[in-house]
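Trainee: Dumping the structure here so I can ask a few things about it.
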Amino acid sequence: ILYENRQYENNMVICNYRKVGCHDIVFDTPVYNIQPYSPSAFLLQHSYVCHMPVCKLIPVTFFSCCLFPDGRLYEDVFLMYKLIYQANNIIFIDYPLYFYFDNPDSSMNSTYSLRKLDEVQAGEEQVLFFAEKQDTPNLIQAYKRLMYYYDSHMRELKNFTGGKPCYRNLKRKLRKLLWHKAKLCGVSLQTNSAYYESAFPLFMRFYWKWNKLKSLFSHRQ
């Protein structure tokens, strides 16, 4: 079905997917909604399906200038957006033609290790890529993903043996990112307080105490 809808050689065809368990049985009558997108628009509107190599028909010529990085975790996060950006058009079949089994024993679901910091590097490379392309909407999304990566890995590293240097490094980077890009990304203290608690823990302790005191005084009045 993907091959039948590619239309032109430099198009990429992508279908939707569905996560399933090992005992799921799916019977369905397919109703296809097929829509073309520019690469930038597709990355912005369907990011959930972009950063995985499955459910895609990719012209082999796209791999002539970029490949999956050797020995890396999150290798798809390093590469897929670069492949998508090479397409003339993205033909999206908004129907789950691919059934995805999330293996609980996979490397992504294993216990934390410093190798998982590859995800942070992949996020930083995405920021540089979209900045170079001057693709502001996707750059903003890349900044927001990177904030999430910094915060989530800091939480893992905080009590991880030997993780303190990496923790301090990510804390410094998250502070810088929030300081310079929070307004651009619409990331505020009110809507994303967890990021600020990770980056500025001392300030946030005072902030919450001050808010508690203000609340007490307002109730008394």
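The values are calculated or read from the model by the stated rules, or taken from the named source; none is laboratory data. All figures in this text were calculated on a predicted structure; none of them were measured in a lab. Methodologically, a virtual Cβ is constructed for each residue, glycine included, from the backbone with ideal geometry; neighbour enumeration extends over all protein chains shown. Please note that ligands, DNA and RNA were not included when accessible areas were found on the heavy atoms of the full protein model with its side chains. Shrake-Rupley method; radii C 1.70, N 1.55, O 1.52, S 1.80 Å.
Trainee: (1) crowded, with 17+ Cβ neighbours inside 10 Å; (2) under 11 Å from the mean Cα position of the chain (by Cα): which one isn't true of TYR48, the others all being true?
Mentor: Going through the list (1) crowded, with 17+ Cβ neighbours inside 10 Å; (2) under 11 Å from the mean Cα position of the chain (by Cα), TYR48 breaks only (1).
Trainee: Just checking: which of the helices (runs of 4 or more DSSP H) contained wholly in the range 120-221 hold 1 or more residues that are β-branched (Val, Ile, Thr)?
Mentor: 136-157
Trainee: Specify the residue that is surrounded by the fewest Cβ atoms within 10 Å (Cβ to Cβ); the eligible residues are those in the range 79-133 that are under 24 Å from LEU157 (Cα atoms), among the aliphatic types (A, V, I, L, M) and modelled with pLDDT of 90 or more.
Mentor: Top of the filtered list is LEU114.
Trainee: Across the range 53-76, which residue is farthest from CYS15 (Cα to Cα) among those that are touching a strand residue (DSSP E or B) at 6+ places or on another chain (Cβ under 8 Å) and surrounded by 13 or more Cβ atoms within 10 Å (Cβ to Cβ)?
Mentor: PHE62
Trainee: Pull out all pairs, ordered by first then second residue, where Cβ-Cβ is under 6 Å, the residues are six or more apart or on different chains, the first lies in the range 184-203 and is without any contact (Cβ under 8 Å) to a residue 12 or more places away in the chain, and the second is open to solvent by less than 40 Å² (accessible area, probe 1.4 Å) and not in a loop (DSSP other than H, G, I, E, B).
Mentor: Every condition considered, the pairs that remain are GLU197/MET204.
Trainee: State all residues of the range 144-165 that are of a type in the set (Phe, Trp, Tyr) and either at pLDDT below 95 or open to solvent by less than 30 Å² (accessible area, probe 1.4 Å) (or both); if no residue qualifies, say none.
Mentor: TYR149, TYR150, PHE160
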